[in-house]
Amino acid sequence: MKVLVLGSGGREHALVWRLSRDPNVAEILTAPGNPGTSAIGRNVNVDLMSPKDVLALAAREKVDLTVVGPEAPLESGVADLFRSHGRPIVGPSKRGAALECSKAHAKAFMSRHGIPTARFAVCDTAESALAAVSGARFGFPVVVKADGLAAGKGVTVAADRAEAEAAVRAAMVDKQFGAAGSRVVIEECLSGPEVSLFFLCDGEHASYLGSAQDHKRIFDDDRGPNTGGMGAFAPSPLATLDLVRDTYERIVQPVVDGHAEMGEPYRGFLYVSLMLTADGAKVIEFNVRFGDPEAQVVLPLIDGGFAGLLRGAAEGAFVGPPVVSPDKTVGVVLASRGYPASAESGVPIDGVDRAAELPGVTVFHAGTKMQDGRLVTAGGRVLTVVGRGATYREAMDRAYAAVREIRFDGMQYRTDIGKKAIGT
Ligand code: AMP
Ligand code: GLY
């Protein structure tokens, strides 16, 4: 099988790495890819936001299966175009992608289908949003979310009315997130531990792929600003068999059925973020793709044929569930100086090869590039260093032993990824 993976981050390197270990995969292209994916297959250039160009690439290269990493190409309709040309692709249609790309749509979908989630109000004007955060309806803290994609910055958990009003004004009056904030969702604030579950849907059913816990804050002990994710471990000890079954029945199957009813079979990854509240598990958000850095810790634990599973999902044929290893993984993100506010680029990176040679270690590239024959930084999140072991402790020790081999000026990382799972 010849596979095309769209994207350029650590998630895509992990997808490519996992596919390369499948004997049914003969060749892998990544568009645009990174130095990690080019060491495995061939990187090709294409405008990911132009479905027509991506389709032309897949046709020219006679690709058998296309796997979409990020959500933006899905929002631009790449999966719709591929399907209308009979080309297998892993990823939902544009309407399916709205589950992630419009929080208002996701909330309305969840209410229609009885999926448990925080109480909410969708507001199209600043006046109605200011009224919704005035206190009586949701109390405080209250959550203010920009409707559209806002690079992970569109959510404010506001402690009081002043903070909530400031968040509404930032989105709707100052247009801090552009068009993404012209509508907001106001939500009741839930509390409890967060866990992410990953499914692969084939339009009718879904296979459970695994679970993980992300670490979104930049500093240890969940302090500092939010980032795209500073590390993750898998599986999550919170993802009990009961929770997985319950999530499948009450959340995932309704999502799949709801899309089938709309005549838009959901074929692709579904990433369910849950908060385990005193009142049961509730959906915080859906993503219509794999997570980053969650893919880097979940994919290594999937044994057996991965490409066949993906192709089955793309073609609407149930092939799961996958065989999952009982091992544990811990993935530590190495970020550039200034991240998440800004990021340095072009800084030389040392020790990646040495780190990758350690037992139970895999290093995934994200913001890296080759410059004058050497590896340098090229963005905020630079590498994800993954350790694998029989226990969380072993996985964590292996990940951090590898991190200590890697150096670049300004390198920052959390020292507590995996700590929450130890002793569980
Ligand atoms: P989201 O982008 O929707 O995943 O939100 C980002 C983060 O904000 C989540 O990971 C949660 O920690 C927090 N959050 C979102 N919605 C809520 C809510 N209703 N109650 C409490 N925290 C929330
Ligand atoms: N790690 C969070 C995400 O991929 O959205």
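The values are calculated or read from the model by the stated rules, or taken from the named source; none is laboratory data. Because the structure is a prediction, the values reported are computed rather than measured. With ideal geometry, Cβ positions are generated from the backbone for all residues, glycine too; neighbour counts draw on all protein chains shown.
Residues being farther than 10 Å from Val184 by Cβ and either among the acidic types (Asp, Glu) or not in a helix (DSSP H, G or I) (or both): count how many of those fall in segment 121-142. Number of matching residues: 10. When Val256, Val297, Val252, Val272 are checked against the criterion of being touching a helix residue (DSSP H, G or I) at 6+ places or on another chain (Cβ under 8 Å) and among the β-branched types (Val, Ile, Thr), Val272 stands alone in meeting it. Collect the residues in segment 24-43 that are surrounded by fewer than 24 Cβ atoms within 10 Å (Cβ to Cβ) and either in contact (Cβ under 8 Å) with a residue 40 or more places away in the chain or of a type in the set (Ser, Thr, Tyr) (or both), keeping them in residue-number order. Within segment 24-43, Asn24, Val25, Pro35, Ser38 meet the criteria. Selection of segment 229-288 for residues being under 19 Å from Asp202 (Cβ atoms), buried (at least 19 other Cβ atoms within 10 Å of the Cβ) and among the β-branched types (Val, Ile, Thr) yields Thr247, Ile251, Val252, Val255, Val256, Val272, Val288. Exactly one residue out of Ala98, Ala106 is more than 12 Å from ligand 1 (Cβ to nearest atom), of a type in the set (A, V, I, L, M) and assigned to a helix (DSSP H, G or I), and it is Ala98. Counting residues in segment 205-215 that are surrounded by fewer than 20 Cβ atoms within 10 Å (Cβ to Cβ), in a loop (DSSP other than H, G, I, E, B) and within 16 Å of ligand 2 (Cβ to nearest atom) gives zero.
Could you tell me whether segment 228-238 includes any residue that is of a type in the set (Gly, Ala, Ser), farther than 21 Å from Gly331 by Cβ and more than 13 Å from ligand 1 (Cβ to nearest atom)? There is no residue in segment 228-238 that is of a type in the set (Gly, Ala, Ser), farther than 21 Å from Gly331 by Cβ and more than 13 Å from ligand 1 (Cβ to nearest atom). Before we move on, is Ser196 within 19 Å of Val288 (Cβ to Cβ), away from ligand 1 (no atom under 11 Å from the Cβ) and either part of a strand (DSSP E or B) or at pLDDT 95 or above (or both)? No: the conditions fail for Ser196. Assess whether Ser111 counts as being under 25 Å from Glu264 (Cβ atoms), within 16 Å of ligand 1 (Cβ to nearest atom) and of a type in the set (S, T, N, Q). Yes; evaluated as a whole, the condition is true for this residue.
Residues are listed down the side, and each one gets a yes or a no for (1) touching a Ser or Thr at 6+ places or on another chain (Cβ under 6 Å); (2) away from ligand 1 (no atom under 16 Å from the Cβ):
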site	(1), (2)
Pro265	no, yes
Leu270	no, no
Leu274	no, no
Ala281	no, no
Glu285	yes, no
Phe290	no, no
Pro293	yes, no
Val297	yes, yes
Ile302	no, yes
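Confirm whether Leu57 is within 16 Å of ligand 2 (Cβ to nearest atom) and under 30 Å from Ala307 (Cα atoms). Here the answer is no, as Leu57 does not meet what is asked.
Scanning segment 280-305 for residues that are of a type outside the set (A, V, I, L, M, F, W, C) and closer than 26 Å to Thr391 by Cα returns Gly291, Asp292, Pro293, Glu294, Gln296, Pro300, Asp303, Gly304, Gly305. For segment 100-108, the condition holds for at least one residue, the condition being that it is more than 18 Å from the chain's Cα centre (by Cα) and either within 16 Å of ligand 2 (Cβ to nearest atom) or touching a residue at least 60 places away in the same chain (Cβ under 8 Å) (or both). Can you work out which of the residues in segment 167-194 that are over 26 Å from Glu75 (Cβ atoms) and surrounded by 14 or more Cβ atoms within 10 Å (Cβ to Cβ) is farthest from ligand 2 (Cβ to nearest atom)? Across segment 167-194, the extreme among qualifying residues is Arg169. Residues that are in a strand (DSSP E or B) and out of contact with any Ser or Thr (no Cβ under 8 Å at 6 or more places or on another chain) within segment 4-27 comprise just one, Glu27. Scan segment 28-78 for residues that are assigned to a helix (DSSP H, G or I), within 21 Å of the chain's Cα centre (by Cα) and among the charged types (D, E, K, R) and the total you get is 1. Quick one: which residue in Val333, Val255 is touching a Ser or Thr at 6+ places or on another chain (Cβ under 8 Å) and not charged (D, E, K, R)? The match here is Val333.
The set of residues in segment 108-165 that are small (Gly, Ala, Ser) and under 25 Å from Pro70 (Cα atoms) comprises Ala108, Ala146, Gly148, Ala150, Ala151, Gly152, Gly154.
Ile89 meets all of the listed conditions (1) over 18 Å from Ala307 (Cα atoms); (2) surrounded by 18 or more Cβ atoms within 10 Å (Cβ to Cβ) but one, namely (1). Among the residues of segment 83-94, at least one is of a type in the set (A, V, I, L, M, F, W, C), touching a strand residue (DSSP E or B) at 6+ places or on another chain (Cβ under 7 Å) and away from ligand 1 (no atom under 16 Å from the Cβ).
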